[in-house]
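What follows is a single structure, written as structure tokens, with notes after it.
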Amino acid sequence: MPDGVHVPVLLEEAVAALGVRADGTYVDATFGRGGHTRRILGLLGPAGRLVALDRDPDAEAASGAIADPRFVFRRAWFSELPRVLEELGIDAIDGALLDLGISSPQIDDPARGFSLRADGPLDMRMDSTRGESAAAFLARADVRELTEVIRDYGEERFAQSVARAIVAARTVAPIVRTRQLAGIVAQAVRTRPRGDWSQDPATRTFQALRIYINRELTELALTLSRVVRLLNPGGRLAIISFHSLEDRIVKRFFARASQPYGGDPQIARLPIADAALPRVPLIQVGRAIRASEREVEANPRARSATLRVAERTVHPIPADFDAAVATH
């Protein structure tokens, strides 16, 4: 796959999971470069509608290439979806897709600061106009905070060693470049267990910083219950995650949201058409879907992708829904 070319992961599977109706209203909450959006538009009829969100200014620029009266793009975080839909006069939707991975252009552009392969400014913000850059965070955080971020978001077992190395290095010179940080981490992480997915010693640290800087897990946790409240009965929520931290939040949310009110948890896995379905706001659809060997071979970035799908039922959302489905 050439650098800078974004190939949507699980494209056919994710769009099929939405069960797109020709006259439905759908949301692509992570537009990226519009691969999923274009496929959904191809299934919509004249009365259909598609709203896309992304916080990346480059994604906003890319959305300008889609000239379709059924399509509208808004630059926003996906947790802001309720506000965006309200402003558009949309009360409910028939499906939403969240592709939680960062796009290939983001990774491959050294100026964005995500890449380990090329040197660039240590930014890592998906929206470079808002929030704190990775360089700014590394300049101010103490060993304890650095350790917690690298351990919790990168699942790095050498987190404390990396944190101490960062603090020691910044007394000599500010840490402002990606390869500079990668070199510091490499000195602190000298070994990896065989089969570890982190090919570069700094992979886990870079993941941790990206997640922290962009509030990725917080955004996801905030968004899930908000999307469910917006779904029409029968509407689908499809989520593609790329690492265990994201997938764990999605898996737990779907499990808790599909628990019957005071009933047997096993009943929540009954087919949605079953007349005995208990009072649950959401039902899980099928099992987790992962990229095929063929797709991974063509697009190695698909190897860690997991797609989970759930469907809104006819039952009202309980008053304590947010507390009941809280994932952390």
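Determine if region 37-51 includes at least one residue that is charged (D, E, K, R) and open to solvent by less than 50 Å² (accessible area, probe 1.4 Å). No. Picking from residues in region 303-328 that are farther than 21 Å from Glu246 by Cβ and of a type in the set (Val, Ile, Thr), the one that is surrounded by the most Cβ atoms within 10 Å (Cβ to Cβ) is Thr313. Being touching a helix residue (DSSP H, G or I) at 6+ places or on another chain (Cβ under 7 Å) and not β-branched (Val, Ile, Thr) holds for only one residue in Arg55, Arg39, Arg117, and it is Arg39. Just one residue in the set Leu100, Leu10, Leu41, Leu85 is modelled with pLDDT of 95 or more and within 29 Å of Arg290 (Cβ to Cβ); that residue is Leu41. Evaluating Ser115 against the criteria (1) under 30 Å from Val7 (Cβ atoms); (2) assigned to a helix (DSSP H, G or I) leaves one unmet condition, (2).
Residues in region 221-237: is at least one over 30 Å from Leu50 (Cβ atoms) and within 25 Å of the chain's Cα centre (by Cα)? No. The lone criterion from (1) modelled with pLDDT of 95 or more; (2) out of contact with any Pro (no Cβ under 7 Å at 6 or more places or on another chain); (3) surrounded by 22 or more Cβ atoms within 10 Å (Cβ to Cβ) left unmet by Val185 is number (2). Against the numbered list (1) on the phi < 0 side of the Ramachandran plot; (2) open to solvent by 20 Å² or more (accessible area, probe 1.4 Å), Gly19 comes up short only at (1).
Hey, among Ile40, Ile107, Ile66, which residue is assigned to a helix (DSSP H, G or I), more than 30 Å from Thr205 (Cα to Cα) and in contact with a Phe, Trp or Tyr (Cβ under 8 Å, 6 or more places away or on another chain)?
Result: Ile40 is the single residue among Ile40, Ile107, Ile66 that is assigned to a helix (DSSP H, G or I), more than 30 Å from Thr205 (Cα to Cα) and in contact with a Phe, Trp or Tyr (Cβ under 8 Å, 6 or more places away or on another chain).
Within region 84-136, track down each residue that is within 18 Å of the chain's Cα centre (by Cα), hydrophobic (A, V, I, L, M, F, W, C), within 23 Å of Val72 (Cα to Cα) and open to solvent by less than 30 Å² (accessible area, probe 1.4 Å). Scanning region 84-136 gives Ala96, Leu97, Leu98, Leu100, Met126.
Annotation for region 78-92: no member residue is assigned to a strand (DSSP E or B), under 20 Å from Arg226 (Cα atoms) and in contact with a strand residue (DSSP E or B) (Cβ under 8 Å, 6 or more places away or on another chain). Do we have any residue at all in region 227-246 that's assigned to a loop (DSSP other than H, G, I, E, B) and either more than 21 Å from Ala139 (Cβ to Cβ) or without any contact (Cβ under 8 Å) to a residue 12 or more places away in the chain (or both)? Yes, region 227-246 contains at least one residue that is assigned to a loop (DSSP other than H, G, I, E, B) and either more than 21 Å from Ala139 (Cβ to Cβ) or without any contact (Cβ under 8 Å) to a residue 12 or more places away in the chain (or both).
Counting only residues that are in a loop (DSSP other than H, G, I, E, B) and closer than 22 Å to Arg312 by Cα, region 20-37 holds 7 of them. Before we move on, is Arg55 closer than 21 Å to Arg130 by Cβ and touching a strand residue (DSSP E or B) at 6+ places or on another chain (Cβ under 9 Å)? So Arg55 passes the test.
Among all positions in region 255-265, there is at least one residue which is open to solvent by less than 30 Å² (accessible area, probe 1.4 Å), modelled with pLDDT under 95, within 17 Å of Leu98 (Cβ to Cβ) and touching a Pro at 6+ places or on another chain (Cβ under 8 Å).
The values are calculated or read from the model by the stated rules, or taken from the named source; none is laboratory data. A quick note: this is a predicted structure, and the numbers were derived from the prediction, not measured. Every residue, glycine among them, receives a Cβ derived from its backbone with ideal geometry; neighbour counts consider all protein chains shown. The area values use the complete protein model at the heavy-atom level, side chains included, leaving out ligands, DNA and RNA. Shrake-Rupley method; radii C 1.70, N 1.55, O 1.52, S 1.80 Å.
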